[in-house]
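Worksheet: one structure, shown below.
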Amino acid sequence: MEIIGKNLKELSEALNKKEISSAELTQFYLDRIAKYDGEICAYNYVNDKVIDQAKAVDAKRAKGESLPAY
């Protein structure tokens, strides 16, 4: 799935349709941070547990559990 150029609604729909997982989407953005943040210094902190948190969301989604709306 092409992520660049997608808005939040499109990404949310892709997650709901299981076209991409939360862990995959999170890893995509972590990779972009690693690639570009040295140039632009946009991030002070990146949560080192974020992949585990994304996997937990994927597990809840797979079980049909309600997900929090942030």
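For this structure, a couple of remarks:
- Checking Ile51, Ile33 one by one, the residue that is in a helix (DSSP H, G or I) and in contact with a Phe, Trp or Tyr (Cβ under 8 Å, 6 or more places away or on another chain) is Ile33 and no other.
- Screening Ser66 with (1) over 24 Å from Met1 (Cα atoms); (2) of a type in the set (S, T, N, Q); (3) not in a loop (DSSP other than H, G, I, E, B) gives one miss only, at (3).
- Taking the criterion of being part of a loop (DSSP other than H, G, I, E, B) and not β-branched (Val, Ile, Thr), the residues of the range 36-48 that qualify are Cys41, Ala42, Tyr43, Asn44, Tyr45, Asn47, Asp48.
- Scanning the range 13-30 for residues that are open to solvent by 50 Å² or more (accessible area, probe 1.4 Å), in a helix (DSSP H, G or I) and under 19 Å from Lys55 (Cβ atoms) yields Asn16, Glu24, Gln27, Phe28, Tyr29.
- Cross-chain or 6+ apart pairs with Cβ under 9 Å, the range 42-70 first and in contact (Cβ under 8 Å) with a residue 40 or more places away in the chain, then basic (Lys, Arg) and in a loop (DSSP other than H, G, I, E, B): Arg61/Lys18
The values are calculated or read from the model by the stated rules, or taken from the named source; none is laboratory data. Given the structure is predicted, the values throughout are model-derived calculations rather than measurements. Quick reminder, even Gly has a Cβ in these numbers, built from the backbone with ideal geometry, and neighbours come from all protein chains shown. For accessibility, only protein heavy atoms count, side chains too; no ligands or nucleic acids. Shrake-Rupley method; radii C 1.70, N 1.55, O 1.52, S 1.80 Å.
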